[in-house]
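I have placed the structure first, in the form of structure tokens, so that the comments after it can refer back to it.
The values are calculated or read from the model by the stated rules, or taken from the named source; none is laboratory data. As the structure is a computational prediction, the values presented were derived from the model and not from experiment. Cβ placement follows ideal geometry from the backbone for every residue including glycine, while neighbour counts extend to all protein chains displayed.
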Amino acid sequence: MLKLSLRLSVIAALAALLAACSSTPPSPPVAVAPSLPAPSASAAQDVLFNAMAQVGTPYRYGGSSPQSGFDCSGLIQYVYRGTANVHLPRTTLEMSQLNKPAVSRGELAAGDLLFFNISGRISHAGIYVGEGRFVHAPSSGGYVRLDRLADRYWTKHYAGAKRIIY
């Protein structure tokens, strides 16, 4: 019960943080249509909230549930299967090779998958939540957490993104 209460508190705090961090005025509308269809608002929101609900879950290599813990691909599989009924491959490399639209950094939307080249190949992934942030299960001994894509480490290793729901 305490863990559920803690997760609900984390979700509320993250939602408030995301809402409060929009300090720049909105950009004027662009006349050119985006090259990719926008993700379905309700599906993207469901993915976003389920991903954020997992913040604080322990990392576990090969883990694929809140009870056992998550590795990065297990987290993504769990979130997409449970909220959008989308069944994804088990590894981040296989996810990055899906026949889905690639997304430029300037077109990222909530629910897009982010891929990182950590060891000479795609070996890490996360779920973009908006405002330059993403949820991921980063490493052994860690926890599912929210990070900034603009952080030096993630910028250095960023390898691209895919839109899974649209």
Only one residue in GLY126, GLY111 is crowded, with 21+ Cβ neighbours inside 10 Å, in contact with a Cys (Cβ under 9 Å, 6 or more places away or on another chain) and either among the small types (Gly, Ala, Ser) or not in a helix (DSSP H, G or I) (or both), so which one is that? GLY126
Quick one: would you say THR83 is touching a strand residue (DSSP E or B) at 6+ places or on another chain (Cβ under 6 Å) and not hydrophobic (A, V, I, L, M, F, W, C)? no
Could we say that SER104 is closer than 26 Å to GLY142 by Cβ and modelled with pLDDT of 95 or more here? no
Exception for ILE127 within (1) under 14 Å from the mean Cα position of the chain (by Cα); (2) under 18 Å from ALA41 (Cβ atoms); (3) free of Cβ contacts under 8 Å to residues at least 60 places away in the same chain falls at (3)
Taking the condition of being of a type in the set (Ser, Thr, Tyr), part of a loop (DSSP other than H, G, I, E, B) and at pLDDT 95 or above, how many residues in region 23-60 meet it? 1
Within region 89-98, count every residue that is crowded, with 20+ Cβ neighbours inside 10 Å and either of a type outside the set (Ser, Thr, Tyr) or over 13 Å from SER123 (Cα atoms) (or both). 1
Filter region 129-160 down to the residues that are in contact with a Cys (Cβ under 6 Å, 6 or more places away or on another chain) and in a loop (DSSP other than H, G, I, E, B) and list them by number. GLU131, ALA137
Within region 61-68, is even one residue more than 17 Å from ALA44 (Cα to Cα), out of contact with any Pro (no Cβ under 7 Å at 6 or more places or on another chain), of a type in the set (Ser, Thr, Tyr) and in a strand (DSSP E or B)? yes
